[in-house]
1. Just to be sure I understand, how many residues within region 1-17 are part of a loop (DSSP other than H, G, I, E, B) and within 16 Å of the ligand (Cβ to nearest atom)?
2. Checking E57 against (1) away from the ligand (no atom under 16 Å from the Cβ); (2) farther than 30 Å from R132 by Cα; (3) assigned to a loop (DSSP other than H, G, I, E, B): exactly one of these is not met. Which one?
3. Just name the residue that is nearest to M1 (Cα to Cα) out of those in region 125-153 that are at pLDDT below 95 and open to solvent by less than 90 Å² (accessible area, probe 1.4 Å).
4. So, V113, is that one open to solvent by less than 10 Å² (accessible area, probe 1.4 Å), more than 16 Å from the ligand (Cβ to nearest atom) and touching a helix residue (DSSP H, G or I) at 6+ places or on another chain (Cβ under 9 Å) or not?
5. Looking only at region 87-101, count every residue that is away from the ligand (no atom under 16 Å from the Cβ) and open to solvent by 20 Å² or more (accessible area, probe 1.4 Å) and tell me the total.
6. Regarding E59, is this residue modelled with pLDDT of 95 or more, out of contact with any Gly (no Cβ under 6 Å at 6 or more places or on another chain), surrounded by 15 or more Cβ atoms within 10 Å (Cβ to Cβ) and acidic (D, E)?
7. Looking at (1) open to solvent by less than 60 Å² (accessible area, probe 1.4 Å); (2) over 16 Å from S72 (Cα atoms), which one does K15 not meet, given that it meets all the others?
8. With the structure loaded, tell me whether T20 is of a type in the set (S, T, Y), without any contact (Cβ under 8 Å) to a residue 12 or more places away in the chain and more than 16 Å from the ligand (Cβ to nearest atom) or whether it fails that test.
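The values are calculated or read from the model by the stated rules, or taken from the named source; none is laboratory data. Given the structure is predicted, the values throughout are model-derived calculations rather than measurements. Cβ atoms come from the backbone with ideal geometry, glycine included; neighbour counts cover every protein chain shown. These area figures cover heavy atoms from the full protein model, side chains too; ligands, DNA and RNA do not enter into them. Shrake-Rupley method; radii C 1.70, N 1.55, O 1.52, S 1.80 Å.
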Amino acid sequence: MKIVIASDHGGFELKQHIMTYLNELGHEYTDLGCFDAASMDYPDIAFPAAEAVASGEYERGILICGTGIGVSICANKVIGVRCALCGDVLSAELTRLHNDSNMLAMGGRIIGVETAKAIVRAWLGTEFLGGRHARRLAKIAAYEAAEDGLPEM
Ligand code: RB5
């Protein structure tokens, strides 16, 4: 699975732990920054990472900022991205089962390293259920494709 990962300064430290963990799990990834803990603007890393997932270049993306909120707001503005902000393992499993989320956001100032690793493991290891959940995702895609307001659903 091709994974892209990115963080701002608020998520920099947790991202280092997550990249080490991805190595341990045997996953390949590309780090789009930031590359040190200096203050920077999260849209500068969240949009490129989300575009890289939306384009199909990467199958999944992991975003980390201080809260996970800023990066998830950015990512979910990119058509085709379904970014789930998770602070617990059950949400990580359910967002894969029900939302087929292709991006995971976490808050480096909110959750601990072990919780974040457990979230990543669950999120990467859980498959989409399909069925009625696919119908719901199709409605999201129809909304994204509509040029003017709510489409017929
Ligand atoms: C940066 O200070 C902080 O605002 C950012 O990491 C994030 O929490 C925004 O949502």
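1. So the count comes out to 1.
2. Evaluating E57 over (1) away from the ligand (no atom under 16 Å from the Cβ); (2) farther than 30 Å from R132 by Cα; (3) assigned to a loop (DSSP other than H, G, I, E, B) leaves (2) as the failure.
3. Only one residue fits best here, namely P151.
4. No: the conditions fail for V113.
5. 10
6. So E59 fails the test.
7. Just one mismatch for K15, condition (2).
8. yes
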